[in-house]
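I have placed the structure first, in the form of structure tokens, so that the comments after it can refer back to it.
The values are calculated or read from the model by the stated rules, or taken from the named source; none is laboratory data. Values in this document were obtained by computation on a predicted structure and should not be read as measured data. Note that each Cβ is placed from the backbone with ideal geometry, even for glycine, and that neighbours are counted across all protein chains shown. Side chains included, ligands, DNA and RNA excluded: accessible areas come from the protein's heavy atoms. Shrake-Rupley method; radii C 1.70, N 1.55, O 1.52, S 1.80 Å.
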Amino acid sequence: MASETAQGSFWMPPEASTFAGDVDALFDFIYWLNVFFFVAITGAVVYFAIKYRRKSDDQLATSQVGHNTLIEAAWTFIPLLIVIAIFVWGFRVFLNQSVAPDGAYEVKVTAKAYLWQYTYPNGAVTGELFVPEDTPVKLVMSSEDLLHSFFVPDFRVKSDVVPGRYTTVWFEAPDPGEHVVFCTEYCGAGHSGMMSKVIVLPKDEFQERLEKDFIDGDIPPAEMGAKLYTSAGCSACHSINGTRLVGPSWKGLFGTERKFADGSTAKVDENYLRESILQPMNKVVEGYPPSMPSYQGQLKDVQIDALIAYIKTLK
Amino acid sequence: MATTETLDHAQEVSYLGAKKGIMSWLVTIDHKRIGVMYLASVLATFTLGGILALLVRAELWAPNITTEAGEAVGALFSADVYNRLFTLHGLVMVFLFIIPSVPAAFGNFVLPLMIGAKDVAFPRLNLASYYVYVIGTVMALYATIAGGVDTGWTFYTPYSASVSGPVVMMVMAAFVLGFSSIFTGLNFIVTIHKMRAPGMTWQRLPLFLWAIYATSIIQVMATPVLGITLCLLAMERAMGVGIFDPALGGDPVLFQHFFWFYSHPAVYIMILPGMGIMSELVTVHARKTIFGYRAIALSSIAIAVISFLVWGHHMFVSGQSVYAGMIFSFLTFLVAIPSAIKVLNWVATLYGGSIQLNAPMLWAMSFLILFTIGGLTGIFLGTLATDVHLHDTYFVVAHFHYVMVGGTVVAFFGALHHWWPKMFGRMYNEFWANISAVLFFIGFNVTFFPQFIMGSQGMPRRYYNYVEEFEVFHKISTSGTWLIGLSFIIMAVYLIQSLRKGEKVSANPWGARSLEWATQSPPIEHNFHEIPTVTEGPYDFPKAGGKKAH
Ligand code: HEM
Ligand SMILES: [Cu+2]
Ligand SMILES: [Cu+2]
């Protein structure tokens, strides 16, 4: 079994993430259901075509039955029940695919025509994605230009990568190995060449290489964010030690639940932070004046990323 | 139906000979002539789209690689040309061929005949719709000659908003074509409501017309959304209004919502007419009353309504919320049920019939098999967990070709062989017609079945080049297209032959029961000498031993 899934099957590529097996089990179920209905329907068509073939020009039909309530009810409700079951099953696996476990190792993915770039918590930047084995990894992705889509067939993982917002995927790879990354959202002439690799390494090897090989001199995002906090003027209105200035303090901000002036609430995540910086008037924190300026067009994406990384460190 | 044989004796001047000269065609307001003009036009656009498909597949015959000697091999076209080819193929097939195909060609020709009317409700609007279609087509061809567009037929932003090329012209072409489709839809709705012959109750309406009716409703309600979307896109490109482009403060995903809000219902604009045809083919060529008339009629309407609520299933991995995905997935499964019911009804109709294995029936049986594969594989795509893996791979390409080609296009050619004797009064060579149908069936499966496998193995769609492990699938797929091409060459030959010296046919060569067969073949200009009175359903075939269906 292990070797079979490691090589993939007739239909599916190798199963190289923890939930790939769950996806494939559902795939197989639908597949056999398909085979069953296909054989039944095609079989009936071929059988009738032979059995009731017109043998003489004036041959009439031997039956003129126009309906049968029992049969019709059966073939309405049985398929309905089947598809509802598939729907529920599909949704449950999808939830698991969509929601990263807490504390997942986070890597920032930047897509641009036509390359992928991976930024690690310590500031290292690579063109191939290195991840530790047996560790949940969460990718926070955004695009610098067009739509792209991050697809790793071996992981059964895919998500569009959109300019101006973050999307995420997560996976946990149980074994070391290499897996191809495709772009699956059409992005022009270089679309089919926009490939990359995920390289899963044993944990200690990963740590070692992350520290030695990948640092390319750029300062880590959180550090850049700390600088921007003062240089871009946020410090005038936001403290980092919990004291209230014009705006709310950033201390312990990330991950909390926010209540807004209009009564709605939201969880503070990357998208919320980005929106707060670019369109602060969309969600005004309850109890604060709507006086936060928009930084649309003033801060570059990397700078916003850096600020967000910095805010996350303020526990 | 009492009038079946009465008109057979004396052939009168048909609509084809009633007026002479090219002008008598160009300014005609006869629904039959307009139908024939549409038929000729969509056959031409289908040929164009088909040639483009052959070129796309030819490029994919082998991966492009650089040999050790530094030589680049495997490429027929550049990436830019390839991207234009598949975009144009999609645009031509969707907007110029499949959307007008069945309603505007066969709907126009047979709808008034089937309800016993002299024409459609608004004959001049009908002609206008044809010319609007021609204008839209010319605009699309102009955009192609002026450099072509490489956005994919879906025009997703921000790519379509930023790439150079005549995108605005192409978008406006689709906008104009939309009006043609709205005109036709409006005309049919009014005609079916107002112009049915005495005795033609809704329960006696042929199922083809129920399908055309449901289609028309979607056309009238959904097409304006496409128009608005395309206009917004044109405004953004031409005037820099920030709607979809994040660089201008817009939202790129908004475009996808707008686009699919039209284009999912449009999928049913494409398939419902094909389904309508099926109900005619399986009854007439099996001399059998339809099984589940009500279920089929009502499921068309159910599909028309629910189809407006499932657009988000194209966006499961676009970053939309998990809960939106959940709702769209659920509704998608609901809309699958009416389609499944129809297939089962058609199969059940064959039971106990007197099945003639002629060309219309062979196309109908191909539909049952191919559309079933298309529909069943749709379950993988409606299911959230599996769609994440399969979305935007060749699995989807295979799926929608099984539905649109294996469904609608196959039904279209079934209809062509079914109504051909009525339209032109002549028979085609039945032997070669059967060969062509079987060859198509084989070629189609050879082309598209391997695409399911390579898709689920991870081959993304819209790829100019691919990794070598997919080569064998691509080779098989490309060879299949040559069989398909051959089957259409054969068809073109025997159909042209038939027009010139095919055997003349009687009013009702198939022994059908619906009204279009009650008048001579080809019909007289005014369809009927006097408006017929309907006393029976369209599928009331006699039963061996004498008794009729209730
Ligand atoms: C019968 C022969 C046909 C063949 C061999 C064929 C082949 C192809 C191929 C190779 C692609 C490119 C797939 C990709 O790279 O994503 C494609 C795309 C497409 N085809 Fe066909 N096709 C055929 C008929 C049709 C018909 C009748 C329709 C009618 C609706 C159609 C609609 C489309 C659409 C909408 C696309 C997507 C274009 C895009 O990605 O923008 N095809 N086809
Ligand atoms: Cu891409
Ligand atoms: Cu859809």
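Brief remarks follow.
- Note on the range A:23-47: residues that are open to solvent by 30 Å² or more (accessible area, probe 1.4 Å) and facing chain B (nearest Cβ under 7 Å) amount to 2.
- Tally of residues being open to solvent by 10 Å² or more (accessible area, probe 1.4 Å) and either at the interface with chain A (Cβ under 10 Å from one of its Cβ atoms) or more than 12 Å from ligand 3 (Cβ to nearest atom) (or both) across the range B:259-290: 2
- Residue that is within 14 Å of chain B (Cβ to nearest Cβ), under 14 Å from the mean Cα position of the chain (by Cα) and open to solvent by less than 30 Å² (accessible area, probe 1.4 Å), where the choices are A:Ser149, A:Ser98: A:Ser149
Table: residues versus (1) in contact with a Ser or Thr (Cβ under 8 Å, 6 or more places away or on another chain); (2) more than 16 Å from ligand 1 (Cβ to nearest atom); (3) free of Cβ contacts under 8 Å to residues at least 24 places away in the same chain.
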{"site": "B:Arg287", "(1), (2), (3)": "yes, yes, no"}
{"site": "B:Ala297", "(1), (2), (3)": "no, yes, no"}
{"site": "B:Ile303", "(1), (2), (3)": "yes, yes, no"}
{"site": "B:Val317", "(1), (2), (3)": "yes, yes, no"}
{"site": "B:Ala324", "(1), (2), (3)": "no, yes, yes"}
{"site": "B:Ile327", "(1), (2), (3)": "no, yes, yes"}
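- Boolean, B:Leu248 is surrounded by fewer than 23 Cβ atoms within 10 Å (Cβ to Cβ), within 22 Å of B:Ala222 (Cα to Cα), more than 16 Å from ligand 3 (Cβ to nearest atom) and not β-branched (Val, Ile, Thr): no
Table: residues versus (1) aliphatic (A, V, I, L, M); (2) open to solvent by less than 50 Å² (accessible area, probe 1.4 Å); (3) under 29 Å from A:Lys112 (Cα atoms).
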position	(1), (2), (3)
A:Met224	yes, no, yes
A:Lys227	no, no, yes
A:Arg244	no, no, no
A:Glu257	no, no, no
A:Val268	yes, yes, yes
A:Gly287	no, no, no
A:Gln296	no, no, yes
A:Lys300	no, no, yes
A:Ala306	yes, yes, yes
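- A:Glu172 vs. criteria buried (at least 20 other Cβ atoms within 10 Å of the Cβ), within 12 Å of another protein chain (Cβ to nearest Cβ) and in contact with a Ser or Thr (Cβ under 6 Å, 6 or more places away or on another chain): no
- Matching residues in the range B:444-489 - criterion: being within 16 Å of ligand 2 (Cβ to nearest atom), within 27 Å of the chain's Cα centre (by Cα) and on the phi < 0 side of the Ramachandran plot: B:Met459, B:Pro460, B:Arg461, B:Tyr463, B:Tyr464
- Selected residue (only one of B:Ser321, B:Ser299 is surrounded by fewer than 19 Cβ atoms within 10 Å (Cβ to Cβ) and away from ligand 3 (no atom under 16 Å from the Cβ)): B:Ser321
- Within the range B:342-368, the set of residues being open to solvent by 20 Å² or more (accessible area, probe 1.4 Å), assigned to a helix (DSSP H, G or I) and within 7 Å of chain A (Cβ to nearest Cβ) comprises B:Leu344, B:Met365.
- Some residue of the range A:76-83 being under 30 Å from A:Val169 (Cα atoms), crowded, with 18+ Cβ neighbours inside 10 Å and facing another protein chain (nearest Cβ under 7 Å): yes
- Restricting attention to the range A:229-242, the residues that are in a loop (DSSP other than H, G, I, E, B), at pLDDT 75 or above and surrounded by 13 or more Cβ atoms within 10 Å (Cβ to Cβ) add up to 4.
- Some residue of the range B:382-391 being touching a Pro at 6+ places or on another chain (Cβ under 9 Å), touching a residue at least 60 places away in the same chain (Cβ under 8 Å) and within 14 Å of another protein chain (Cβ to nearest Cβ): yes
Listed here are the residues, each with its yes/no results for (1) buried (at least 19 other Cβ atoms within 10 Å of the Cβ); (2) farther than 24 Å from B:Ala62 by Cβ.
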{"position": "B:His399", "(1), (2)": "yes, yes"}
{"position": "B:Gly407", "(1), (2)": "yes, yes"}
{"position": "B:Gly414", "(1), (2)": "yes, yes"}
{"position": "B:Trp420", "(1), (2)": "yes, yes"}
{"position": "B:Tyr428", "(1), (2)": "yes, yes"}
{"position": "B:Ile435", "(1), (2)": "no, yes"}
{"position": "B:Val438", "(1), (2)": "no, yes"}
{"position": "B:Thr481", "(1), (2)": "yes, no"}
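- Candidates are the residues of the range A:176-194 that are more than 10 Å from ligand 2 (Cβ to nearest atom) and closer than 16 Å to A:Pro153 by Cβ; the one that is surrounded by the fewest Cβ atoms within 10 Å (Cβ to Cβ) is A:Glu178.
- The sole residue among B:Phe308, B:Phe291 that is part of a helix (DSSP H, G or I) and at pLDDT 90 or above is B:Phe308.
- Residue count, the range B:453-489 (criterion: more than 8 Å from every other protein chain (Cβ to nearest Cβ) and in a helix (DSSP H, G or I)): 24
- Selection of the range A:229-283 for residues being among the hydroxyl-bearing types (Ser, Thr, Tyr) and either within 30 Å of the chain's Cα centre (by Cα) or not assigned by TED's automatic domain parsing to the domain that holds A:Gln303 (or both) yields A:Tyr229, A:Thr256, A:Ser264, A:Thr265, A:Tyr272, A:Ser276.
- The requirement of being without any contact (Cβ under 8 Å) to a residue 40 or more places away in the chain and within 9 Å of chain A (Cβ to nearest Cβ) is satisfied by B:Leu376.
- Hits in the range B:491-550 (condition: in a loop (DSSP other than H, G, I, E, B), of a type in the set (Lys, Arg) and surrounded by fewer than 14 Cβ atoms within 10 Å (Cβ to Cβ)): B:Lys547
- Note on the range B:460-479: residues that are in contact with a strand residue (DSSP E or B) (Cβ under 9 Å, 6 or more places away or on another chain) and surrounded by 23 or more Cβ atoms within 10 Å (Cβ to Cβ) total 2.
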